[in-house]
């Protein structure tokens with residue numbers, strides 16, 4: 001039995017340090033319209049309420065900016081993802097900033113608490129900071145630490161207490177009060193811009209990162225096959241695509257934290273389709289498209305839609321209903 005797709009539109013950008021990714025969802029829709037494609041009329045969708053207005057409010061949590069509202073947003077995303085999975089849908093989540101990926105992961109675990117989840121994370125960044133280690137305080141750099149329940153206090157540079165500590169503990173408990181993910185079941189593709197605390201975490205936790213150069217040298221198919229072998233013990237796989245995994249010089253700089261020497265869109269399509277063909281993919285997310293920063297018009301959104309359109313057929317063919 002196959003799953004039907006549900007589009008979940010999460011126009012939240014409060015976890016980012018730069019405004020504009022809240023417009024990413026609409027930019028992708030506009031790209032589809034301009035290409036003469038009615039993709040967004042083919043599937044049911046759900047619009048989530050956001051707290052984007054809070055960027056005008058004074059922030060009391062220096063080491064985790066607007067964390068109380070990010071927590072609420074992740075809770076909304078988790079509830080939506082869980083509900084849709086339980087009613088037979090496969091969620092395709094369109095998010096502004098990447099902090100809400102914690103909500104997607106948490107929603108999957110809430111729907112399937114007894115199944116093992118693997119995460120494949122396409123990103124230029126590790127997103128493995130906590131309030132204890134973050135140099136910026138931007139929560140879109142923390143979703144995986146929250147999902148792992150990992151504070152990395154040995155690398156701490158910030159004194160965390162009060163509301164920040166309270167809401168960080170709440171974020172780690174979204175969906176379920178246990179860690180959603182084991183480090184051995186997290187795989188990176190394209191991570192190339194990290195801070196020392198994240199390097200320490202990646203090494204100590206033993207997280208595999210397929211760099212762009214490794215993927216090209218060894219072959220995309222080889223790396224996909226190997227990553228799936230690493231996740232043999234996982235029942236489900238969630239794919240998270242931060243568009244800064246794409247090369248900002250060759251593709252587009254229309255994202256909050258662009259980094260060079262990334263993948264091109266054809267490599268991303270091949271990698272994701274290979275993962276989907278495992279039959280284990282239970283959800284996919286696209287995040288961090290920022291049309292305000294795109295020096296080539298709406299190019300990042302256009303490329304993101306090309307990726308989305310190219311992988312959707314594979315999703316429809318391969319996605320199963322898990323019970």
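Read-outs throughout are calculated quantities, based only on the coordinates presented, and are distinct from any laboratory measurement. Quick caveat, the model's predicted, so the values are computed rather than measured. Neighbour counts are summed over all protein chains in view; Cβ atoms, including those assigned to glycine, are modelled from backbone coordinates with ideal geometry.
Side notes on the structure shown:
- Contact order relative to length of the stretch 1-57, as percent, for alpha carbon pairs under 8 angstrom and 6 or more apart: 50 percent
- For the stretch 45-160, the C-alpha radius of gyration sits at 1.10 times the compact-globule guess of 2.2 N^0.38 Å, with N the residue count.
- Shape call, the stretch 272-323: gyration tensor on alpha carbons, a/c limit 1.5: prolate
- Among 179-190, 229-240, sorting by the average number of other beta carbon atoms lying within 10 angstrom of each residue, highest first, gives 179-190, 229-240.
- Sequence-separation-based contact order of the stretch 66-137, relative, with Cα cut under 8 Å and 6+ spacing, percent: 33 percent
- Euclidean distance of C-alpha centroids, the stretch 21-51 and the stretch 265-305, integer Å: 14 Å
- Burial order of peptide ranges 41-52, 58-69, 192-203 (average beta-carbon count within 10 Å, highest first): 58-69, 192-203, 41-52
- For the chain, calculated [θ]222 nm from helices alone, where every DSSP H run of n ≥ 4 adds -39500 (n - 2.57): -11500 deg cm²/dmol
- Ranked 29, 214, criterion: other C-beta atoms within 10 Å, fewest first: 214, 29
- DSSP beta bridges fully contained in the chain are about 5 percent antiparallel.
- Take every Cα pair under 8 Å whose residues are at least 6 apart in sequence, average their separation, divide by the length of the chain, and the relative contact order is 23 percent.
- Label separation (residue 176 vs residue 316): 3.2 nm, computed from points 7 Å beyond Cα along the C-beta direction.
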